[in-house]
Amino acid sequence: MGFWHTGYIEFHEPAGLGDSYVPAPPVYRCKHCDETFASADELRDHRFENHPYTRPILFLRGTEAGTTPLRITRPLEKGDIQVGRCDHAWLNGVALSPPDLDEKLVAETNNAVTVKLANEGVSAEFVLSFEIASEKDLVGVDRCFLDVAQRGRLDIRAVEDFITASRAFPTAIGYCHGICEYFYGVLAKERAADSSLPYEAYREKFTCAEDALENFDSVLARVICSLIAFHFNRFRASVDLAGDSRVGIASGRFERWVAKDIIGANRLLSHTFDTRLEKLLTDFECERLIVWCVADPKALFAHAQDIESLIHQDIPEFDRTKLRVLLAELYADLGNVEKAKNHARELRNNPTLELWAKSVLDRLTDEKQPHV
Ligand SMILES: [Zn+2]
């Protein structure tokens, strides 16, 4: 089983994970149209101007609260809470003036609260679940992760030991849970002998890991979430989370290919990236795929037969799709028109890649270069 591929040695410093990695700046995504913004204020302005509903709105640190409970895992600060289209407010049934919500919510650490907001016509209720993890406990769980990574092998025993060690850091239990969900997903995906889960269960485990980790502002959480987004072909999200980690380059190349920006996709190959933490987290297939995605065309061509044969094996459709895009672009780049067209044709009926496939076919139609 290929896990913890290499890289532990780079991460033994007692400071933990924080200093060795540069995260990407946060991205604020509108939940109504998927547009993204660099600040919570820009998102809020956009929300009011472009989606003028009458229902009261509650924003917490740039995230709009919706109908499902919102988990808050990092301490709120004054100014993180904003309301809109709201004349009256209640906290756990007790009326208060809307501006006072800020002070009350900042004080919460470990509690589920209900916020009701109303204007003349409509009211809305939001459930906020506060599970604030202390910085000390988050760093503690990161250390537990590095301790098990040092073994060089992921198995059920390693996960159990990680859970046991993490109990010393009780406020970060949700963080530990998210990391474990990812571990269980990787074990299922690698068909580990001691995993009781069927292969397909990795998807649900990855989704649970993402749900649990997305609100933690930690390097480990971000790299796990960027790897999961890459697997599910959500390349924009993967780039946003990856920072200077290698998976961000791989995802960025797919994003550019799909946008028909061939030059941009190739230019990304000259960017430097960090693999140390990422290599502690990738499963065997994912590691191989990412290595191919960031290889220059000549180096990648040496693996073209391996990739062709992998496409016909029992692999997730998400990966088969990535491999076809990768090969089509590789062959197109090297002037092997027929092979490039074959892979593009396979994706012509894929709703998200239809336009990409058409553009590759159009681009190559008049080309008559010799091939490799
Ligand atoms: Zn929007």
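Some observations on this one:
- Residues being out of contact with any Ser or Thr (no Cβ under 9 Å at 6 or more places or on another chain), outside any strand (DSSP E or B) and either free of Cβ contacts under 8 Å to residues at least 24 places away in the same chain or farther than 18 Å from Ile57 by Cβ (or both) - total across the range 83-121: 10
- Residues in the range 170-179 that are of a type outside the set (Phe, Trp, Tyr) and either modelled with pLDDT under 95 or touching a helix residue (DSSP H, G or I) at 6+ places or on another chain (Cβ under 6 Å) (or both): Pro170, Thr171, Ala172, Ile173, Gly174, Cys176, His177, Gly178.
- Residue check, Leu241 at pLDDT below 95, among the hydrophobic types (A, V, I, L, M, F, W, C) and in contact with a Phe, Trp or Tyr (Cβ under 7 Å, 6 or more places away or on another chain): no
- Taken together, the criteria place Val94 among residues that are at pLDDT 90 or above and out of contact with any strand residue (DSSP E or B) (no Cβ under 7 Å at 6 or more places or on another chain).
- Of all residues in the range 223-258 being charged (D, E, K, R) and in contact with an Asp or Glu (Cβ under 9 Å, 6 or more places away or on another chain), the one that is nearest to Ile72 (Cα to Cα): Arg236
- The listed residue being farther than 25 Å from Ala38 by Cα and not aromatic (Phe, Trp, Tyr), out of Lys78, Lys116: Lys116
- Residue match in the range 122-145 (condition: at pLDDT 95 or above, acidic (Asp, Glu), farther than 20 Å from Phe206 by Cβ and in a strand (DSSP E or B)): yes
- Helices (runs of 4 or more DSSP H) wholly inside the range 273-372 that include at least 1 residues being closer than 30 Å to Tyr182 by Cα and touching a residue at least 60 places away in the same chain (Cβ under 8 Å): 276-279, 284-293, 317-334
- Residues in the range 287-309 that are touching a Lys or Arg at 6+ places or on another chain (Cβ under 8 Å) and either at positive phi or not β-branched (Val, Ile, Thr) (or both): Glu287, Leu289, Cys293.
- Tally of residues being more than 9 Å from the ligand (Cβ to nearest atom) and in a loop (DSSP other than H, G, I, E, B) across the range 28-43: 2
- Some residue of the range 217-224 being more than 21 Å from Tyr175 (Cβ to Cβ) and surrounded by fewer than 22 Cβ atoms within 10 Å (Cβ to Cβ): no
- Flag if Tyr184 is in contact with a Phe, Trp or Tyr (Cβ under 6 Å, 6 or more places away or on another chain) and of a type in the set (Phe, Trp, Tyr): no
- Any hit, the range 215-234, residues being modelled with pLDDT of 90 or more, on the phi > 0 side of the Ramachandran plot and under 17 Å from the mean Cα position of the chain (by Cα): yes
- Residues within the range 44-81 that are more than 23 Å from Lys136 (Cα to Cα), surrounded by fewer than 17 Cβ atoms within 10 Å (Cβ to Cβ) and more than 12 Å from the ligand (Cβ to nearest atom), tallied: 7
- Enumeration of residues in the range 242-269 that are of a type in the set (Lys, Arg) and buried (at least 18 other Cβ atoms within 10 Å of the Cβ): Arg246, Arg253, Arg256
- Among the residues of the range 49-78, those that are more than 23 Å from the chain's Cα centre (by Cα) and outside any loop (DSSP other than H, G, I, E, B) comprise Glu49, Asn50, Ile57, Leu58.
- Look at the range 35-51: where a residue is more than 19 Å from Leu241 (Cβ to Cβ) and of a type in the set (Phe, Trp, Tyr) and a partner is more than 9 Å from the ligand (Cβ to nearest atom) and outside any helix (DSSP H, G or I), sitting 6+ places away or on another chain with Cβ atoms under 9 Å, you get Phe48/Ile57; Phe48/Gly84; Phe48/Arg85.
The values are calculated or read from the model by the stated rules, or taken from the named source; none is laboratory data. What you see is a predicted model, and the numbers here were worked out from it, not measured in a lab. All Cβ positions, even for glycine, are placed from backbone atoms using ideal geometry, and neighbour counts span all protein chains on display.
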